Amino acid sequence: MSKKAKALTNEFEFVGEGGIDERKRISLAKALGILKERLGEMAGQLEALHFRVYVNAAGQILLDPAVSVSIREMWLYRNPIALAKVREGLSQAAEGKLHDLGTFAKYADDKID
C-alpha cells in the first residue's frame, strides 16, 4: 500500500463539524450518511468498509473508503482478462441473457482424477 495518495478530486464537500470525545474519537455519522447515498446498491455493505487514512502537511485528513479482498480471491483482481470476463458474465446475467444448459446430474457419480 502506498504511503502517499493523490486525491481523485480537489472538490470536497463540507458535511458538518464534530469534536473529539474523551476517548479521542470523532463521529463520522453525517459523512457516512452521504457515503451511503452515493454507494447506492452497495450501501448495505458499509460494515465491510475500512478506511485508509492520509494526512497532508497542512494537517488535513483524507479518509479513503476501501474494502478488503481475501487472498484466495486476489488472483482475479490481478488478472485483468479474467476480471473482464467475470464482469461481462455478470452484466449478461443482469440483462437476462442466460442460456440454460440443463442438469449435470448424470455426472454426479463420475470419478474425479
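The values are calculated or read from the model by the stated rules, or taken from the named source; none is laboratory data. As the structure is a computational prediction, the values presented were derived from the model and not from experiment. Every residue, glycine among them, receives a Cβ derived from its backbone with ideal geometry; neighbour counts consider all protein chains shown.
Laid out as a table, the results:
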| item | result |
| --- | --- |
| Gly59 at pLDDT below 90, in the same structural domain as Lys4 (by TED's automatic domain parsing) and at positive phi | yes |
| Residue list for segment 62-71, restricted to those being at pLDDT 85 or above and farther than 18 Å from Thr9 by Cα | Ser70, Ile71 |
| Hey, Leu28 surrounded by 10 or more Cβ atoms within 10 Å (Cβ to Cβ), hydrophobic (A, V, I, L, M, F, W, C), touching a strand residue (DSSP E or B) at 6+ places or on another chain (Cβ under 8 Å) and at pLDDT 75 or above or not | yes |
